[in-house]
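Only one structure is covered here, and it is reproduced in the block below.
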Amino acid sequence: MDLEIFTVDSKSSRETKAWGRRLASMLEGGELLGLEGDLGAGKTCFIKGLAHGLNLPEEQILSPTFTMIQEHRGRLPLYHIDLYRLERVELDDLGLREYLFSDAIAAVEWFERLREGGGMERLAIRIEYAGTSARKIEFRGVGQRYIGLIARLAARFA
């Protein structure tokens, strides 16, 4: 049975990174990851784990708040996009279309600020505070491809 939502608890930033690595092991390229959560909740931390799982040094992953888009080359290309500084952004602003719909993995922080984002197929990742260093990470599949990805993630790591 396919899962639309898979939720995990993380007790530390180390565990949050581990979930990023686990997800990376399941990716094939061309995935859109939409990350949401309050400031400081762990979105960049999760992406550091994702990068590590793609054979990238996690030290290269910085919050791209000022550059907005960072390109990395690992096992698969990774586009790390941060929309924090923008109120609302259109898909064609900043040339986002070429990043979001490519063979690379596009990991977008503050995905909710993308005006057309609600209708896009993606793996939605919501990270919420659950204590001082604890977090709740919710993976939600929007579209069959991502529902299947969640089912595989849950079967392998739950």
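Here are the numbers for this structure:
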quantity	calculated
Exclusive hit being part of a loop (DSSP other than H, G, I, E, B), under 20 Å from Gly141 (Cβ atoms) and touching a residue at least 40 places away in the same chain (Cβ under 8 Å), set Gly29, Gly34	Gly29
Test result for Leu94, over 22 Å from Glu116 (Cβ atoms) and of a type outside the set (Ser, Thr, Tyr)	no
Residue pairs meeting the criteria (Cβ under 9 Å; at least 6 apart or on separate chains; first free of Cβ contacts under 8 Å to residues at least 12 places away in the same chain, in the stretch 102-129; second in a strand (DSSP E or B))	Gly118/Val142; Gly119/Val142
Answer from Gly117, Gly49, Gly30 - the residue that is modelled with pLDDT of 95 or more and surrounded by 19 or more Cβ atoms within 10 Å (Cβ to Cβ)	Gly49
Subset tally (residues that are free of Cβ contacts under 8 Å to residues at least 24 places away in the same chain and crowded, with 17+ Cβ neighbours inside 10 Å) for the stretch 65-92	3
Residue list for the stretch 64-99, filter: in a helix (DSSP H, G or I) and among the small types (Gly, Ala, Ser)	Gly95
Filter result for Glu98 (in contact with a strand residue (DSSP E or B) (Cβ under 6 Å, 6 or more places away or on another chain), surrounded by fewer than 19 Cβ atoms within 10 Å (Cβ to Cβ) and either over 27 Å from Lys11 (Cβ atoms) or without any contact (Cβ under 8 Å) to a residue 60 or more places away in the chain (or both))	no
Leu83 being among the hydrophobic types (A, V, I, L, M, F, W, C), out of contact with any His (no Cβ under 7 Å at 6 or more places or on another chain) and closer than 22 Å to Ile137 by Cβ	yes
Options Arg135, Arg88; residue that is of a type outside the set (Val, Ile, Thr), touching a helix residue (DSSP H, G or I) at 6+ places or on another chain (Cβ under 8 Å) and within 23 Å of Ser13 (Cβ to Cβ)	Arg135
Residue satisfying condition, being among the acidic types (Asp, Glu) and in contact with a His (Cβ under 6 Å, 6 or more places away or on another chain), within set Glu15, Glu28, Glu58	Glu58
Which listed residue is part of a strand (DSSP E or B) and either of a type outside the set (Lys, Arg) or closer than 11 Å to Glu31 by Cα (or both), from Ala155, Ala107, Ala151	Ala107
Residue list for the stretch 139-154, restricted to those being farther than 21 Å from Glu112 by Cβ and under 16 Å from the mean Cα position of the chain (by Cα)	Leu153
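The values are calculated or read from the model by the stated rules, or taken from the named source; none is laboratory data. Predicted model, so just to flag it, every value in this text is computed and none were measured. Counting neighbours? That spans all protein chains shown, and the Cβs are built from the backbone with ideal geometry, glycine included.
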